[in-house]
Amino acid sequence: MVETKNDKIDLKKIEQQTFHEFMIDGITEILLGILLIFLPVLFIHVSFISFYIFFILFAQPIVEFIRERTTYPRLGRVEFKREEDKEGYSVKKSLLILLLLFLGSIVITFSMMIIVEGEFDLSLIYKWIPFLFGLIMFGPSLFLVGKTSQQRYYFLGAFSTILGFLFSILDFPDEMIGIYLYLYFFTLGVLAIILGVIRYVRFVRTYPVIHMEEEEES
């Protein structure tokens, strides 16, 4: 059988490269930073979950609004195929992976708690939330690495975990636990926003707007 030029096309690699191109505008980092900054409000009162419901409902339209005016005029627009339509994709498999990641993070957190604290005390769980959350952040890291093939996205989970561990081993008075917990998420959020803004500014300066000539009606 004669090998054609099309046989050498790696569609997965092309998709990863395309997805990576649309990540360089920094909007994803800014969005993540906003979520992280406001995440601790869920520990204040469960009613604050309405903020996240509102955010989830309107985040995508807002992002599209921004990209329509900044990203698409510079890179063009690509419609990615829905995951549900891809061969071999399974919602149950994805949920199972997330569940295993969460359970693994809990086991590692409890193990580190026993090693550092010298005992297993349920009252210490609140203190070790930063480390637990840092481990869970490897989920988004694995997703981004898979979607872009860029190994540097592992840094997201690694940095969140290391910072979470440092916050978890610090001794804070009981009345300061809520403040230091917010400080952890606030630090991650601010760093993500700063990174996003830097990438956004660099993106706007690097990629000129593509002016498409309209076809004249015959």
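For the stretch 109-117, indicate whether the set of residues that are surrounded by 11 or more Cβ atoms within 10 Å (Cβ to Cβ) and within 27 Å of L31 (Cβ to Cβ) is non-empty.
yes
Does F43 satisfy being modelled with pLDDT under 75, out of contact with any helix residue (DSSP H, G or I) (no Cβ under 6 Å at 6 or more places or on another chain) and surrounded by 13 or more Cβ atoms within 10 Å (Cβ to Cβ)?
yes
So which residues in the stretch 66-92 are within 20 Å of the chain's Cα centre (by Cα) and modelled with pLDDT of 75 or more, if there are any at all?
I66, R67, T71, listed by residue number.
With in a helix (DSSP H, G or I), within 30 Å of L183 (Cα to Cα) and at pLDDT below 75 as the only criterion, which of F102, F19, F110, F55 stands out?
F55
Looking only at the stretch 141-166, filter to residues that are touching a residue at least 60 places away in the same chain (Cβ under 8 Å) and not small (G, A, S); which one of those is nearest to L32 (Cα to Cα)?
L144
So which of L166, L142 ends up being in a helix (DSSP H, G or I), surrounded by fewer than 14 Cβ atoms within 10 Å (Cβ to Cβ) and at pLDDT 80 or above?
L166
Within the stretch 145-155, track down each residue that is modelled with pLDDT under 85 and either of a type in the set (A, V, I, L, M) or in a helix (DSSP H, G or I) (or both).
Correct list: V145, G146, K147, T148, Q151, R152, Y153.
The values are calculated or read from the model by the stated rules, or taken from the named source; none is laboratory data. Note that the structure is predicted; figures quoted are calculated from it, not measured. Please note: Cβ atoms are built from the backbone with ideal geometry, for glycine as well, and neighbour counts cover all protein chains shown.
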